Amino acid sequence: MSVQTQLTKGKISLKGSARIVTEFFNFGINSILFQRGIYPVEDFEVKKKYGLDIWVSNDISVTQYLKKIMDSVEEWLALGMINKLVLAVNSRETRETIERWQFDITVTDESKGEEKQPQPQAKSEKALQMEIQAIFRQIAASVSFLPIIDEKCTFNILVYADSDAEVPTTWTDSDPLHVKNAEQVRLRSFSTDAHRVEAMVAYRRDPDLC
Amino acid sequence: MSDYSTKSAAGTHAAHLSKASSKPFKDERHVNPSPRTMGRPSIGGSGESGVLAPRKGGPPSPRQKKTKASQYDRFIPNRTAMDMASSQFNIARSDAPQPLDGSTIAYQETVANACGVSMNKRILTFKEEAPTSEKEDLRQVYSRPALKATASTSTKRRILNTPERVLDAPGLVDDYYLNLLDWSLGNMLAIGLDQSVYLWDATSGDVNSLCQLEGDAYISSVKWTADGTYLAVGTSEGDVQIWDAETQSKIRTMSGHQARVGVMSWETHTLSSGCRDGSIWNHDVRVANHKTAELVAHGGEVCGLTWRSDGALLASGGNDNLVNIWDARTTVPKFSKTQHTAAVKALAWSPWQLNLLASGGGSYDRHVHFWNTTTTARLNSIDTGSQVTSIQWSNEYRELVTSHGFPYNHLALWSYPSLTKIVDIPAHDTRVLHMAMSPDGQSVATAASDESLKFWRIFETRGKSARSGKGDVAGIVSASAGSSAGASGPGGSAAASALDISRPSYIR
């Protein structure tokens, strides 16, 4: 199924949008894993996407892990049951969350929102790509202000779902895993016709700098 | 019991909310379990689902709880600390599930909104842990204290306080005015010990006695030709002998001086000899009538004499505290400098700036003056603190090394033109009388009246040439023969070929 044909038809359906957003998450998470050094650099390879070169993990275990997550996420997105996706970077030794990337998802589908005005222009693929590009560039640029991560880390993906969402056994409840003494930086957002994704990163405030 | 929750029962997900409650017991789940879903708090208890649920060993079933409650059989360690009234109250109502109260829900919703927590969301995390990578992150490895640029490490050359090698020099005459040490291009070190001249081959370590004087005569100076084939030996009788180093035979003797020949300097085929009577004779060693010129301008013994590498100028220093610069074609000094207040033995032309001359004064003076011989101006001065006995410029670095006598008997390394002292090397126990530079420019040899000959690796090369690192004391000669004219010092111009080519070479 091609998202493109759906696009040319005018506007994206919720499902197509879900696919786009999930893809974005997949590449975004890979990119963050690379930039922050969660996995060593040689485990990554370059893929072209959104008109950019994005570093994607070529480690089988990581890709499979992410695939399982993304499958569920896509389902929830299609149903509109998910409203946040969080990537929490935890230190392996202290088990503390040192960084937290949060993506807020709002559904802008007009079938759900009655108060919406007449549908905004169907978004061209180009414009969408530019927006996503901007976020990736920001993620890469965020290295400049994010504190250096010296320790070995692992990550957790959290999903803020509706309470009536269907949760497979592979998911459990969890803490929000907020960062203590956090500095927050809001990043750019993008929106397909059906979803709007906003990005934000929270990191530990450096005690020396304050 | 599956984890599917199909009802929209319960459900605050936030731990904060449980703290907002006012129930005494924290663990609401145990007291007020909901029969339907294990681990999901009921509405009445404003319970907490803010914990990772391992789903093992859930709360006791209601039936079990009932019996316990009625029996009051729990172990209470400290009665006085127990709030008996409220605990009894809680236990008493343990079996009655709290009904869904509309007002309670509304209350909770407002509280939730106030806390910024939405009521009907749950945070889910993927159970499986992310795969770990055991590999060392190379980025961390390489981003650690990096900046180990080769440039910085190589410029940090080590100058040891200890000599590379020490040789015995018995019988060295303790006379400031003599010049008894010279190092040839062929890596041979000539030293005059009392009545003999010894040749030490730095490559092989062999020692040969070249000549032996008769009677009361002693060796007063030695000087190699620029290419290291012939050695000029000056005696206390006033003779200058030319020896062939390879065959170890005397080629000729040039006599005529009235007093000892304390210093000599070669300029291709011309040998200048400085005498105790203050005269400097130029000899053409190829012809029988060797004396070509006599330069008289010193009132005291000539103890410093050195031709510039291009052979245009001759610098001489004497016991009369004068520094004279002679043009090769005249017998009258071009100019004279009187700044020194003691005998000037140390003279050295700079290898990279042709008109730069450094002169060092004796024990009363202790200064090193730098002269521009074109403009005759004094460029700089250093007060070294000790009697200056010799100066050597480095070919590779913008530095010079001075050897000293009274009172410290040390070697000092200076950078030029900043004239900052780089290092002091305590060299000898007595005055460092003579200093010679190796042909590769990396080491200097010093001789003192404590009868030792020491080698110091001061100008370790930066390693750009193929033969770097191995000095001449132990190893290979790195100079090429057939170098340009003149020897302004033992180092010679040929050493430049082994060194960094990017450095400015001799300005011709």
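When only C-alpha pairs under 8 Å and at least 6 residues apart count, what is the relative contact order of chain A, in percent? Can you show the working numbers first?
On the way: 315 pairs, mean separation 59.4, N = 210.
Once normalised by length, the contact order is 28 percent.
Taking the Cα centre of each part, how many Å lie between the stretch A:57-113 and the stretch B:386-447?
71
So which of A:Lys123/B:Lys121; B:Lys223/B:Lys454; B:Lys250/B:Lys291; A:Lys15/A:Lys67 end up more than 22 Å apart by C-alpha? The partial results should precede the final answer.
Details: A:Lys123/B:Lys121 30 Å; B:Lys223/B:Lys454 19 Å; B:Lys250/B:Lys291 19 Å; A:Lys15/A:Lys67 17 Å.
Those over the limit are A:Lys123/B:Lys121.
What's the angle, to the nearest 10 degrees (0 to 90), between helix A:14-35's Cα axis and the longest principal axis of chain A?
Taking the Cα atoms of chain A, the angle to A:14-35 is about 20 degrees.
With a 1.4 Å probe, what is the total accessible area buried between chains A and B, in Å² rounded to the nearest 100?
Numbers: alone 11730 and 25410 Å², together 33630 Å².
Summed over both sides, the interface buries about 3500 Å².
A:Thr94 accessible area, nearest 10 Å², 1.4 Å probe?
Using a 1.4 Å probe on the heavy atoms, I get roughly 80 Å².
For chain A, take the longest principal axis of its alpha carbons; what is the angle in degrees between that and the long axis of helix A:60-79, to the nearest 10 within 0 to 90?
For A:60-79 against chain A, the angle is about 40 degrees.
If we count every other residue with Cβ under 11 angstrom of A:Ala202's Cβ, Lys/Arg +1 and Asp/Glu -1, where does the sum land?
Computed value for this residue: +3.
At 222 nm, what helix-only mean residue ellipticity would chain A give, in deg cm²/dmol to the nearest 500, using -39500 (n - 2.57) for each DSSP H run of four or more?
Computed ellipticity for chain A at 222 nm equals -10500 deg cm²/dmol.
State the answer as a single residue: which of A:Gln184, A:Gly28, A:Tyr203 lies farthest towards the positive end of the charge dipole of chain A, with beta carbon charges of +1 for Lys and Arg and -1 for Asp and Glu, about the Cα centre.
Value: A:Gly28.
Name the residue from B:Trp393, B:Ala447, B:Ile458 whose Cα lies farthest towards the positive end of the charge dipole of the stretch B:374-465, charges +1 on Cβ of Lys and Arg and -1 on Cβ of Asp and Glu.
The one lying farthest along the dipole's positive direction is B:Trp393.
Between B:Gln248 and B:Asp424, how many nm apart are label points set 7 Å from Cα along the C-beta direction?
The answer from the label model is 4.3 nm.
Counting only other chains, and only Cβ atoms inside 10 Å, what mean value do you get across the residues of A:165-178? Kindly include the intermediate steps, with their values, before the conclusion.
Numbers: counts 4, 3, 5, 5, 4, 5, 8, 11, 13, 11, 8, 8, 2, 0.
Partner Cβ neighbours, averaged per residue: 6.
So how tilted is helix A:125-141 from the main axis of chain A? Cα-based, degrees 0 to 90, rounded to 10.
Once rounded, one gets 10 degrees.
Excluding B:Pro417 itself, what net charge comes from residues whose Cβ is under 11 Å from its Cβ, given Lys and Arg +1 and Asp and Glu -1?
Numbers: positive: B:Arg398; negative: B:Glu399.
Here the count lands on 0.
Multiply the residue separation of A:Arg188 and A:Lys48 by 0.36 nm, subtract the distance between their alpha-carbon atoms, and state the gained length in nm to one decimal.
Details: separation 140, 0.36 × 140 = 50.40 nm, distance 2.08 nm.
Extending this stretch completely gives an extra 48.3 nm.
Calculate, for B:Ala288 and B:Asn372, the FRET efficiency according to 1/(1 + (r/R0)^6) with r their C-beta to C-beta distance and R0 35 Å; round to the nearest 0.05. Don't jump to the answer; show the numbers that get you there.
On the way: r = 39 Å, r/R0 = 1.13.
The calculated FRET efficiency here is 0.35.
Suppose R0 equals 60 Å. What FRET efficiency, 1/(1 + (r/R0)^6) with r the Cβ-Cβ distance, do B:Val166 and B:Met84 give to the nearest 0.05?
On the way: r = 95 Å, r/R0 = 1.58.
The pair B:Val166/B:Met84 has a calculated efficiency of 0.05.
The values are calculated or read from the model by the stated rules, or taken from the named source; none is laboratory data. These numbers were taken from a predicted model, which means no experiment stands behind them. Here Cβ is always computed from backbone atoms with ideal geometry, including for glycine, and neighbour counts include all displayed protein chains. Surface areas here come from the heavy atoms of the whole protein model, side chains and all, with no ligands, DNA or RNA. Shrake-Rupley method; radii C 1.70, N 1.55, O 1.52, S 1.80 Å.
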